[in-house]
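Here is the structure we will look at.
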Amino acid sequence: MIAVIYGSTTGNTSDTATKLQQQIGDDKVELFDVKDVGLDALEYFTHIIFALPTWDYGEIQEDWKDVWDDIDDVDFSDKTVAFVGLGDQYSYAEWFQDAMGMLHDKVAERGASIIGHWPASGYDFEGSKALTADKEYFVGLALDDDCEPELSEQRISDWCAIIEAEFAKAA
Ligand SMILES: Cc1cc2nc3c(=O)[nH]c(=O)nc-3n(C[C@H](O)[C@H](O)[C@H](O)COP(=O)(O)O)c2cc1C
């Protein structure tokens, strides 16, 4: 089983979590809203997808703020983790997907195996904390339901194929 742990202020990331579940399979994915259950799922799952939007010029989404310090106490060394970020590349071009990068860095420091890097080509932005060191990839799936909603379905489908194979290898 995969835990999708998400936070969402205006519903886009919540909808994305449901789409991930539909894409991978209802019987293989459980959804956890950080606002309701915090990080409790981390105790029971080794395969995790964290999904979060960036808000307010490079900030993590508000529900993630409540659990942010608790992440420091989690040992991720037995966990395989993928990330999904929501952002707006045109209106917030200097901070596109920053929150995904900030969460990734925290989780990677605590020993997680990270999967699901995603090509950064095909997006138009100025800066992002969610890029890999070579700037060729995002550290997870970057979705932009504000400017490119029509691309999200295919992106989700392509990315899920990648992470399903990688989760299977990690099993
Ligand atoms: C006030 C405001 C600030 C935002 N700041 C950023 C930002 O700094 N970087 C970014 O990539 N997207 C930013 N966004 C876009 C949101 O991440 C995007 O709308 C996302 O889909 C919201 O997800 P949610 O509906 O799950 O809360 C911002 C949106 C708003 C309305």
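Rounded to the nearest Å, what's the spacing between the alpha carbon centres of the stretch 1-26 and the stretch 117-171? Just the number, please.
Centre-to-centre distance over Cα atoms comes out at 15 Å.
When each pair of different Cα atoms in the chain is counted once in the 1/r mean, what is the Kirkwood radius in angstroms, to one decimal?
For the chain, the Kirkwood estimate is 15.6 Å.
With the contact rule set at Cα under 8 Å and sequence spacing of 6 or more, what percent relative contact order holds for the chain?
Taking the mean separation of contacting Cα pairs over the length of the chain, I get 21 percent.
Which whole-Hz ³J(HN,Hα) couplings does the stretch 143-153 yield from phi under the Karplus relation 6.51 cos²θ - 1.76 cosθ + 1.60, θ = phi - 60°, glycine and proline marked x?
Taking θ as phi minus 60°, the curve returns 10, 10, 6, 7, 9, 9, x, 5, 8, 5, 4 Hz for the stretch 143-153.
Is the shape of the stretch 1-93 best called rounded, prolate or oblate, per the rule: a/c under 1.5 gives rounded, else a/b larger than b/c gives prolate, else oblate, with a ≥ b ≥ c the square roots of the Cα gyration tensor eigenvalues?
Taking the square roots of the gyration eigenvalues as a ≥ b ≥ c, the stretch 1-93 is oblate.
Given labels modelled 7 Å from the Cα in the Cβ direction, how far is it in nm from Thr9 to Asp72?
2.4
Would you calculate, for the chain, the mean residue ellipticity at 222 nm contributed by helices, counting each DSSP H stretch of 4 or more residues as -39,500 (n - 2.57) and dividing by all residues, to the nearest 500?
The per-residue figure over the chain is -10000 deg cm²/dmol.
From the phi angles alone, apply the Karplus equation (6.51, -1.76, 1.60; θ = phi - 60°) to the stretch 127-140 and give each ³J(HN,Hα) in whole Hz, x where the residue is Gly or Pro.
Karplus-based 3J(HN,Hα) across the stretch 127-140 equals x, 7, 7, 9, 8, 6, 4, 7, 6, 7, 10, 7, 6, x Hz.
Longer than 22 Å from Cα to Cα, which of Lys19/Lys135; Lys106/Lys129; Lys19/Lys129; Lys35/Lys65 are they? Say none if no pair is.
Lys19/Lys135; Lys19/Lys129
Determine the percent antiparallel among the DSSP beta bridges restricted to the chain, to the nearest 5.
Beta bridges within the chain, antiparallel portion: roughly 20 percent.
What does the charge add up to near Asn12, with Lys and Arg as +1, Asp and Glu as -1, over the other residues with Cβ less than 9 Å from its Cβ?
Spelling it out: positives minus negatives among the neighbours equals -3.
Every read-out reported here was derived from the displayed coordinates using simple, explicitly stated rules and does not represent laboratory data. Only a predicted model underlies this, so the values are computations on that prediction, with no experimental measurement involved. Glycine gets a Cβ as well: all are built from the backbone with ideal geometry, and neighbour counts include every protein chain shown.
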